[in-house]
1. If I stretch the segment between residue 125 and residue 168 completely, what's the gain in nm (0.36 nm per residue apart, minus their alpha carbon distance), one decimal?
2. Using a simple charge model, +1 on the beta-carbon of Lys and Arg, -1 on the beta-carbon of Asp and Glu, nothing else, what dipole does region 1-58 show about its Cα centre, in debye to the nearest 20?
3. Given N residues in region 1-73, what is Rg(Cα) / (2.2 N^0.38 Å)?
4. Compare the Cα positions of 48, 29, 2 along the charge dipole of region 1-51 (+1 at Cβ of Lys, Arg; -1 at Cβ of Asp, Glu; about the Cα centre) and return the one farthest towards the positive end.
Amino acid sequence: MQPKELILQLQSKNEKAFQRIYEMYSENTFGVIYNIIRDEELSQEVLQDVFIKIWNNAASYSEKKGRFFTWILNIARNAAIDKIRSKSFKNSQKNQTADNFVDILEEKNSFSHKIDAIGIQKYIDVLEPLCKKVIDLLFFKGFTQKEASEELEIPLGTIKTRNRICINKLRENLAV
């Protein structure tokens with residue numbers, strides 16, 4: 001079945017099409033969510049929420065606005081960020097074990113692993129180092145632009161401009 005046909009069936013509330021889309025995209029979607037939340041159980045919950053949103057909002061997807069996979073990843077990323085910004089998540093993080101922090105520190109440099117998990121490693125590799133850092137912070141670690149500005153010690157306006165430039169370069173790389 002062609003992807004366009006599958007999407008149209010999903011938009012018509014076809015459960016088999018939804019199941020096929022889940023099979024095709026759930027693993028990569030989970031990877032994006034987990035890289036932001038860092039908790040397998042919570043990431044599974046958010047994954048389920050994401051696919052409920054996909055089911056409920058399938059009619060709002062338009063091919064003119066971008067690729068279907070990008071639409072799914074944006075829903076996943078936003079849901080994961082919403083989760084880590086929630087009061088209940090913040091309260092649960094107050095009593096983390098030292099092992100959790102060791103894992104986070106060890107994985108701090110695993111940017112290449114994260115981007116490879118969703119299949120864009122070769123496109124990111126050709127970007128300049130600052131673009132890699134900006135994309136890592138904003139899209140894979142869930143930082144706000146203000147937080148990324150503070151982390152990189154760069155003015156907020158510069159982060160906003162860099163983000164736009166870097167995403168445009170990434171789009172150009174993907175189009176080739």
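Throughout, read-outs are computed from the coordinates displayed, never taken from laboratory work. Just so it is clear, the structure is predicted and the values come from calculations on it, not from any experiment. When we count neighbours, we look across all protein chains shown, and the Cβ atoms used for this are built from the backbone with ideal geometry, even at glycine.
1. Values: separation 43, 0.36 × 43 = 15.48 nm, distance 1.48 nm.
Working it through step by step, the gained length comes to 14.0 nm.
2. 360 debye
3. Compared with the compact-globule rule of thumb, region 1-73 sits at 1.10.
4. Sorting the options by dipole projection puts first 2.
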